[in-house]
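Values in this text are rule-based calculations from the coordinates and carry no lab data. Model, not experiment: these values are computed from the prediction. All Cβ positions, even for glycine, are placed from backbone atoms using ideal geometry, and neighbour counts span all protein chains on display.
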Amino acid sequence: MALAIGSTQDKQTSNEVLARARARAALIPDLLVEAQQIANTVTSGWHGRKKRGSGDTFWQFRPYDQSESLSRVDWRRSARDDSVYVRDQEWESAHTAWVWADSSPSMLYKSETSDVSKQSRALVLALAMTEVLAKSGERVGWPGVTNALSHRNACERIAAQLMVAKENSGALPIADQMRARSEAVVFSDFLQPVEDTLEWINALSQRGVRGSIIQIIDPAEESFPFAGRTEFKDPETNSKFTFGRAETVAQDYKSLFAARKEELANQCRKLGWNYLAHHTDSLASTALVSLHMKLTGDAGKALS
């Protein structure tokens, strides 16, 4: 049984790379439909990434705070009861988000404990997040594939470009297009050396980019349910190694896996980034809800 344990070396032949690109392209039409359904379901009744700002569009009435100027009070609304209210406007400046899903070989892994591969789940979530952001009025792009698009059907346009884009075997997106005050939303298993991921996050943070990393995990990669003689194959290098009794390394493996997750999460917290872990045997909608709520909360901080 093969377990995706990660490697940064790319020893795949050009034919294998082409085959992966074609397989991903074949998945996208169905995944796009699923992503749109998920986005529509979880955002029903939501109102985008609204936040208080200097726009002309009414957002909400809220109780007056004594630290504010009286000129902000809406006296007509306040006259209706015994409270004093302020009329908030909605911030109308579009935000730029760069959404990306890892397509390296390790993302193809799917154990018997899950119905979908990590790649399928990452693509669904990335497209669903693109749909949510585009309909919220944000500019959305896919690094290395499209520029940031400001259009309600940006998701469909990005999906169309992904179908013909060259395979990117890198485990992290190219950050050349990301500018200060933009946002990176990256879906990956993050099984490359953790130092590479932390270096990438730090470089973007120093540039003024905020971000969210969503670690896509097959349940078997974390629980290590293997016993007896088991052969493991590295999907990046095709190297193999065999344990006569796999259960003897289970505890050490699980401890190391947990430590990697904690290191990523801690560094994200230090830099003001979001970290989410999502297992492929869970509903995609649960991850989208959590991510959307985090991005909604961060929007005001980033642009206020």
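In terms of the mean number of neighbouring beta-carbon atoms within 10 Å, the peptides 77-86, 194-203, 272-281, 156-165 order highest first as 272-281, 156-165, 194-203, 77-86. Find the centroid of the Cα atoms in region 103-167 and in region 268-287, then give the distance between the two in whole Å. Cα centroid of region 103-167 versus Cα centroid of region 268-287: 16 Å apart.
Peptides 239-252, 21-34 ranked from most to least packed, by the mean per-residue count of other Cβ atoms within 10 Å: 21-34, 239-252.
Applying 0.36 nm per residue to the separation of LYS270 and GLN161 and subtracting their alpha-carbon distance, the gain on full extension is 35.8 nm. Under 5 Å between amide H atoms, partner at least 5 residues away or on a different chain: which partners does VAL86 have, H built in plane at 1.01 Å? Amide H to amide H, under 5 Å and 5 or more residues apart or across chains, VAL86 pairs with ARG62, TYR64, ASP74.
When the C-alpha to C-alpha distance is required to be over 31 Å, the pairs from LYS118/LYS294; LYS233/LYS270; LYS240/LYS270; LYS118/LYS240 that qualify are LYS233/LYS270; LYS240/LYS270. List residues of region 186-222, by number, whose backbone nitrogen lies under 18 Å from a label position 7 Å along Cα→C-beta of PHE241. Residues 191-195, 221-222 fall inside that zone. Residue exposure proxy: ASP234, ASP115, ordered by other Cβ atoms within 10 angstrom of their Cβ from fewest to most, comes out as ASP115, ASP234.
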